[in-house]
Structure formats: C-alpha cells, structure tokens
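Note sheet for the following structure.
Values quoted throughout were computed directly from the atomic coordinates according to the rules given, and no laboratory measurement underlies them. A quick note: this is a predicted structure, and the numbers were derived from the prediction, not measured. Glycine gets a Cβ as well: all are built from the backbone with ideal geometry, and neighbour counts include every protein chain shown.
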Ligand SMILES: NC(=O)c1ccc[n+]([C@@H]2O[C@H](COP(=O)([O-])OP(=O)(O)OC[C@H]3O[C@@H](n4cnc5c(N)ncnc54)[C@H](O)[C@@H]3O)[C@@H](O)[C@H]2O)c1
C-alpha cells in the first residue's frame, strides 16, 4: 500500500485515477468536501471517507454558506490532525481551502479538481476567495494544498459550457507563456475540433493532460516567483479586472467573463497602439472557437451590464487608490503590468473614447 501523505509532502500535481487518490488518504482523518452533482458522479471512489456536501457552484463561495461547511467540521469532530479533501471545481476548492485555513488556525488541505478551470488554475497556487455582498473574492487567504491530484477522465462529464469556461484560463496561460504553448492550444482545437471547440469527450486523454500540464507548469512557475502576489503573479490576472466585474454583474460562468475581459484588455491595448493586430486576431479566434464570448456588444446590446459592472469595478483587488495594476497584453508571450488610472479603464469599459 502507498504511504499516507503527511504535511510538507511533494506539492507537484499528481496525475492518477480517483481510486488511487482514495488509497492515499487516511480514512480516519480525512473529510471529503464536495457537492451533490459531483458526489453522485464520483463519490463511489471514496466509500471510506466521511463527507460534507455544500451547495453547487458560486453559491458555495458566499460567506453566508460557510457556516454549513464549518458545521460539518464540527459534526465530524475535525481537529488539527485532520485534513480536508476538496473534490470539485473552483468553487469547492476556494471554499474548502479557505475553511481549512481558518479552522483551528489551519488544517491540511488536498485538492482533487474536477473541472478544467480548477485543474488548470483555481486549485493550484494557494489562493482562495469567498464572495461578500455580491463582490467577488473580496474575502480570502493563501492556503496551499498539500497535494493536487488530477484525473483528466473526470473532465468528460462536464457540460460543454463548463469545459469552455476552463479553456478561457488555459488560453490566458498560453497568452502569458508564449508561442509554443499558445500554438499547442490552437493545434489541439484543430486536430480534435468538435462543436464549440475541442471534442473533450472524445479526444485522447493525452490531449487533455497536455492542456492541463502546460497551464499548471506556467502557473506554478509564476507562483514560485511570487507566492503572495506582490509582483509577477499579478500577470495571472490578465482579463480579470473587467472579467470579475462582469462576472459579478451578470452571474455568467467565470471563464466566459474572463474571455470578455481578455478581449476588452486586447482592444484597450490596441486602442493605445500597444497590441499587435495579428496576435489579437489569433487570441480572439481561439477564444471564439471554444464558444467563448469576445464581443461585449453582442452580450450586452443596451450597455446595462457594463453600467452594472462599472459600479463593481471599484472593489477590484488590483486597484490601489486611483490606479489599477492592469494586465496589458501586447502580444502572445508579451504581457505587461501597468498602473493605469481606474477612471480611464472605466471610460473604456463604458464605451467612451480614451
Ligand atoms: N483560487 C483561484 O486561484 C481561482 C482561479 C480561477 C478561478 N477561481 C474561482 O473558481 C470558480 C469557478 O470554478 P469552476 O469553473 O471550476 O466551476 P464551479 O466549481 O463553480 O462548478 C460549476 C459546476 O460544475 C459542476 N461540476 C464540477 N465538476 C464536474 C464534473 N467533472 N462533471 C460534471 N459537472 C461538474 C459543479 O457541480 C457545478 O455545478 C469561480 O468562483 C472563480 O472565482 C479561483
């Protein structure tokens, strides 16, 4: 039998089946946290683990939903010798990671992401975020998972929209890293293209694993340089300044809002004469190929969504006083962090001239 995992074990992601994950956990001291949908699909792999189910999706991240998870900790008498295992998407890993951080000043946390977005992004890097009164991720902490386990077969049961949402973060990583990474994503969509982008239900597991591994490598490289987001890690917020505000204002899936945010950041950079036209085309084409929105005018014909998003924009964590640390794409593999007046970005969002 594999030895049980203890604190300070290897934090690099491990690709394996869910049965392997279950065998590595100490069933007497590990609480599984998931939601009903995911548990009904994959809970059978963890028959020995006690379990708490929390609401599905973004609702789980509302601070008001947190007590039901903490009540689960009490019910199962979770003490400092325990760990929690988050089985699910980014909403589950954010909520569970935060709860694990505050419970008895910190207990062990393992993540088994089951969405593309969580495998590529949300479940790694130690950041977690909860929503408060409609503002996204304004409560949160850093609590690194002791280990991340990935079974790409779980991605096959995603709704196509959910898969596409994850691709937005994967494409963001491709833009940040550069040509080889970005071209791999273009090539995968070309080779195994289906309706709405990659045929993720039928493509080889290696293709899914390739997309996930490239994203993880890029994200972990940046996080290792700047774990607490005081410098380079801000690059990972590409598309998120506008994206978070649009997500909070509309409730659209995270990746859809990020896709619009990336498209807006590209056209802002283009309007400033900073973005290469050819690269901008490739980025928008790849996002659109996955069925992701790239045209704010099509999503928000009367401008009401942008007005609502503008009100929320000022609670962005990337803002410092009158300025925003804006992530400015100049091309594929050429992304900068720039301090830009919040008012200027807001006028751009609302469609005024720069
Ligand atoms: N902490 C971070 O660094 C970070 C980074 C990016 C995003 N996020 C957060 O992640 C959240 C979005 O996460 P998400 O996109 O993974 O979605 P999600 O966790 O909100 O889940 C969406 C839906 O997918 C279902 N689902 C999950 N796995 C499934 C599977 N394998 N098969 C079928 N259905 C499945 C869930 O039950 C849920 O209904 C946002 O709140 C975002 O802010 C956090």
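Key figures
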{"quantity": "Debye-sum result for the range 129-188 in log10 I(q)/I(0), which assumes one identical scatterer on each alpha carbon, at q = 0.17, 0.29, 0.30 Å⁻¹", "calculated": "-0.94, -1.03, -1.04"}
{"quantity": "Relative contact order (%) - the range 159-349, alpha-carbon pairs under 8 angstrom, separation at least six", "calculated": "27 percent"}
{"quantity": "Highest-MSF residue in the chain out of 156, 37, 270 [GNM, Cα springs under 10 Å]", "calculated": "37"}
{"quantity": "Candidates 298, 64, 277, ranked by Gaussian network fluctuation over the chain, Cα under 10 Å, top entry", "calculated": "298"}
{"quantity": "Cα long-axis angle, helix 205-225 against the chain (0 to 90 degrees, to the nearest 10)", "calculated": "80 degrees"}
{"quantity": "Per principal axis, descending, Cα span of the range 196-275 in whole Å", "calculated": "41, 33, 28"}
{"quantity": "0 to 90° range, to nearest 10: angle between helix 90-102 axis and the chain longest Cα axis", "calculated": "60 degrees"}
{"quantity": "Pair-distance profile P(r), taking every C-alpha pair of the chain, with 10 angstrom steps and integer %", "calculated": "5, 26, 34, 24, 9, 1, 0"}
{"quantity": "Rg and Dmax of the range 14-156, Cα atoms only, in Å", "calculated": "13.5, 40"}
{"quantity": "Relative contact order of the range 205-268, defined on C-alpha pairs under 8 angstrom at six or more residues apart (%)", "calculated": "25 percent"}
{"quantity": "Calculated P(r) of the range 159-349 - Cα pairs past 30 Å, %", "calculated": "15 percent"}
{"quantity": "Peptides ranked, highest mean first, by Cβ atoms within 10 Å: ranges 304-315, 91-102", "calculated": "91-102, 304-315"}
{"quantity": "Helix-only CD estimate at 222 nm, as mean residue ellipticity for the chain, using -39500 (n - 2.57) per DSSP H run (n ≥ 4)", "calculated": "-13500 deg cm²/dmol"}
{"quantity": "Relative contact order %, the chain, counting alpha carbon pairs below 8 Å whose residues are six or more apart", "calculated": "14 percent"}
